[in-house]
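Input: a single structure, listed below in structure tokens.
The values are calculated or read from the model by the stated rules, or taken from the named source; none is laboratory data. Quantities reported herein were computed from a predicted structural model and do not represent experimental measurements. For neighbour counting, all protein chains shown are included, and Cβ atoms are generated from backbone atoms with ideal geometry for every residue, glycine included. Heavy atoms of the whole protein, side chains included, go into the accessibility calculation; ligands, DNA and RNA do not. Shrake-Rupley method; radii C 1.70, N 1.55, O 1.52, S 1.80 Å.
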Amino acid sequence: MGVMIAPVRKAVFPAAGLGTRFLPATKAMPKEMLPLVDKPLIQYGIEEAIASGIHHIVIVTGRGKTAIEDHFDVSFELEHLLESRNKRELLAAVRAISDMIDVAYVRQKEALGLGHAVLRAKDLVGQEPFAVVLSDDVIDAPVPCLRQLLDVYETYGAPVLALMEVPAEQISAYGVVAAEPQPHAGMDGLVFRIHDLVEKPSPQDAPSNLAIIGRYILTPDVFAAIESTPPGRNNEIQLTDALRNLLRERPIYGVRFTGKRFDAGDKLGFLQATVEFALKRPDLGGAFRAWLESLRLCW
Ligand code: UTP
């Protein structure tokens with residue numbers, strides 16, 4: 001009989017970073033609340049978690065906490081107003097947000113790094129495997145990226161990281177893995193066994209062109225690994241460093257996911273995501289395309 005693999009029921013959303021690349025917009029508001037067309041980035045991530053079968057959400061907040069909490073809370077005044085004006089579709093959209101999830105919040109008082117942010121969720125996660133979603137990585141995929149990772153987790157019961165090929169000149173912006181392909185039914189060439197991880201290497205030190213993107217399935221032993229990880233790059237406690245320590249004790253896998261990822265925490269990536277998501281919207285796409293064409297950008 002096979003070993004029982006614990007189901008992943010919870011997803012942690014670190015949202016306490018300073019978002020310096022998007023100042024001044026992020027001075028008083030977390031970047032996770034920046035809207036892509038008409039939805040904040042974090043809502044795309046939460047919808048991806050739900051579509052992947054995960055309904056318990058933990059959000060690690062810093063400044064701007066109220067904006068995130070209010071977004072996922074019931075807004076009686078707004079619902080009342082929309083009801084009295086007979087705006088049924090908007091009312092349904094607003095209600096769906098608060099009905100969507102069971103959400104718990106924990107505060108990271110100081111932005112001491114992604115590893116530190118994940119550790120703040122330790123008590124709320126408990127002794128269970130869990131997902132981590134960095135919602136400024138927006139992923140448009142036929143099968144939700146988290147679901148692709150879960151399919152691999154459900155085989156090995158081990159941590160699984162989302163990987164993406166990145167050109168050499170951009171590699172030093174990412175955590176990078178050394179990895180070898182792992183045969184996997186139906187996903188040949190997409191699944192890897194990871195042998196090493198390096199946070200933001202210079203191009204000559206990068207062990208491969210496979211970068212870690214903001215989706216992870218982790219096991220609860222990662223918390224002890226983070227606790228014993230000293231501050232690294234930028235004096236922050238890096239999740240990549242903790243995973244490197246954990247690798248000495250257990251195998252870690254990676255999935256080169258199918259889909260298109262946008263770095264919406266970066267201005268150019270955010271603009272690209274905005275254009276592509278707007279073009280796909282049935283209610284906006286046609287008019288938006290016509291306007292883009294009127295700019296005569298191609299000649
Ligand atoms: P980033 O590396 O994008 O950093 O964090 P940042 O501070 O948010 O943004 P920039 O680079 O200054 O523009 C990746 C993810 O980890 C979270 C962020 O909120 C983001 O979702 N994070 C990072 C924390 O929650 N706490 C931290 O201390 C650092």
Taking Ala162 as the residue in question, decide whether it is under 18 Å from the mean Cα position of the chain (by Cα), free of Cβ contacts under 8 Å to residues at least 40 places away in the same chain and under 27 Å from Tyr44 (Cβ atoms). no
What is the one condition in (1) of a type in the set (A, V, I, L, M); (2) open to solvent by 50 Å² or more (accessible area, probe 1.4 Å); (3) free of Cβ contacts under 8 Å to residues at least 60 places away in the same chain that Val94 does not satisfy? (2)
Pairs under 7 Å by beta carbon, first residue in contact (Cβ under 8 Å) with a residue 24 or more places away in the chain in segment 61-85, partner among the acidic types (Asp, Glu) and assigned to a helix (DSSP H, G or I), six or more apart or different chains? Ile68/Glu32
Name the one entry in Arg9, Arg21 that is open to solvent by 70 Å² or more (accessible area, probe 1.4 Å), more than 10 Å from the ligand (Cβ to nearest atom) and charged (D, E, K, R). Arg9
Helices (runs of 4 or more DSSP H) fully within segment 65-104 counting 3 or more residues that are within 21 Å of the chain's Cα centre (by Cα) and at pLDDT below 85: 88-100
I need the full set of residues from segment 219-248 which are away from the ligand (no atom under 14 Å from the Cβ), open to solvent by less than 50 Å² (accessible area, probe 1.4 Å) and not polar (S, T, N, Q), in order please. Pro220, Val222, Phe223, Ala225, Leu243, Leu246, Leu247
Return the residue satisfying two criteria in turn: it lies in segment 24-58 and is open to solvent by 10 Å² or more (accessible area, probe 1.4 Å), more than 12 Å from the chain's Cα centre (by Cα) and under 26 Å from Gly126 (Cβ atoms), and of such residues it is farthest from the ligand (Cβ to nearest atom). Gly53
Among the numbered conditions (1) open to solvent by 10 Å² or more (accessible area, probe 1.4 Å); (2) over 20 Å from Glu169 (Cα atoms); (3) outside any loop (DSSP other than H, G, I, E, B), tell me where Pro183 comes up short. (3)
(1) open to solvent by less than 40 Å² (accessible area, probe 1.4 Å); (2) out of contact with any strand residue (DSSP E or B) (no Cβ under 9 Å at 6 or more places or on another chain) all hold for His80 apart from (1)
Looking only at segment 116-128, decide whether some residue is touching a residue at least 60 places away in the same chain (Cβ under 8 Å), in contact with a strand residue (DSSP E or B) (Cβ under 9 Å, 6 or more places away or on another chain) and among the polar types (S, T, N, Q). no
Does segment 125-143 include one or more residues that are surrounded by fewer than 22 Cβ atoms within 10 Å (Cβ to Cβ), assigned to a strand (DSSP E or B), away from the ligand (no atom under 16 Å from the Cβ) and modelled with pLDDT under 95? no
